[in-house]
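First comes the structure, then the notes that go with it.
The values are calculated or read from the model by the stated rules, or taken from the named source; none is laboratory data. All figures in this text were calculated on a predicted structure; none of them were measured in a lab. Ideal geometry is used to build each Cβ from the backbone, glycine not excepted, and the neighbour counts take in all protein chains shown.
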Amino acid sequence: MARVKASKRHRYVAVKHRPVRVWAARFLVLILLVASGGSGYWYGSQQTIAKADRLNMSLSEKDRELLRLQESEEQARQQLMNIKMAGEVDRKASEEVRQEVLDLRSQIASLEEENGFYRNLMAAEDKKSELSFGDVTIDSTDNADVFEYEIVVQQIAKSHNVVNGSLTVRVVGKQGNIAETLNLTNLSSAAEGDQVKLRFRYFQRITGEWAVPAGFVPQYIDLQARFSGKKPVTINKQIDWIVQQRD
């Protein structure tokens, strides 16, 4: 006959029901949860505030550094401007001084020329009236093909009468291997003709600019002055082409 196995019996313990304690425990757990969350929020907010403060301090330092760099840049820019202005002032001052020296030299040369003329005039008391060429000068310019010229025609005599006449100027040279002669109209667009009118008592200066054609090599200047009157006079002179360089 088969044996029947008895089922396992469970033991039960009776616990007294205390609802107040249960609710108190739940309330305590709730308080702990709220306190924990609040402390976490407070800690997090404090960390955020501290981090924001550090960022603000760093930003303030960057702002101060940027302001300092901007001030340094402005100072450097001002110094550079001052240096440029000083250099420009020095350059202009040097140019003004150089121009003043050139003007003084020109005035001195003019005075020496006039003094020489008047010395010749004083020495001409026992001489007859004499018409002649004075100084003839050619000066360079910034343009290699353009030259400034000055021609002086003078009268040396005991008594000076006004004389009238005309001056013919020719520049003789070579264009390549071919000899060529240039008149005033070939040398200057301002020339009204190939002759210059003369009228003076003591002397007359003829000045201007000559533009030499490209490839033309001047060799000398051929001058001829014709004076009208009761006794017409013609004087001639040839001057080597010698250019005075500007300082």
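Mind listing just one residue for me: the one in the stretch 155-186 that is outside any strand (DSSP E or B) and of a type in the set (A, V, I, L, M) and, of those, nearest to R226 (Cα to Cα)? Show your work before the answer.
Step one: of the stretch 155-186, the residues outside any strand (DSSP E or B) are 157-162, 176-177, 184-186.
Subset that is of a type in the set (A, V, I, L, M): 157, 162, 184.
Details: A157: 18, V162: 14, L184: 16 Å.
The residue in question is V162.
For the stretch 235-242, check the following and say yes or no: at least one residue is modelled with pLDDT under 90 and assigned to a loop (DSSP other than H, G, I, E, B). Give the derivation first.
Within the stretch 235-242, the subset modelled with pLDDT under 90 is none.
For the stretch 235-242, residues modelled with pLDDT under 90 and assigned to a loop (DSSP other than H, G, I, E, B): absent.
Kindly provide the set of residues from the stretch 152-182 that are among the charged types (D, E, K, R) and either more than 23 Å from E192 (Cβ to Cβ) or buried (at least 20 other Cβ atoms within 10 Å of the Cβ) (or both), ordered by number. Give the steps one after another, and end with the answer.
As a first pass, look at the stretch 152-182 and keep what is among the charged types (D, E, K, R): 158, 170, 174, 180.
Correct list: K158, K174.
Yes or no: S189 at pLDDT below 95, out of contact with any Asp or Glu (no Cβ under 8 Å at 6 or more places or on another chain) and part of a loop (DSSP other than H, G, I, E, B)?
Considered against the rule, which asks whether it is at pLDDT below 95, out of contact with any Asp or Glu (no Cβ under 8 Å at 6 or more places or on another chain) and part of a loop (DSSP other than H, G, I, E, B), S189 comes out as yes.
Exactly one of (1) in contact (Cβ under 8 Å) with a residue 12 or more places away in the chain; (2) surrounded by fewer than 17 Cβ atoms within 10 Å (Cβ to Cβ) is unmet by T234. Its number?
All conditions are met except number (1).
Is there any pair with a first residue in the stretch 174-201 that is over 18 Å from Y220 (Cα atoms) and a second that is exposed (fewer than 12 other Cβ atoms within 10 Å of the Cβ) and modelled with pLDDT under 90 whose Cβ atoms are under 9 Å apart and which are 6 or more apart or on different chains, and what are they?
The qualifying pairs are R201/N161.
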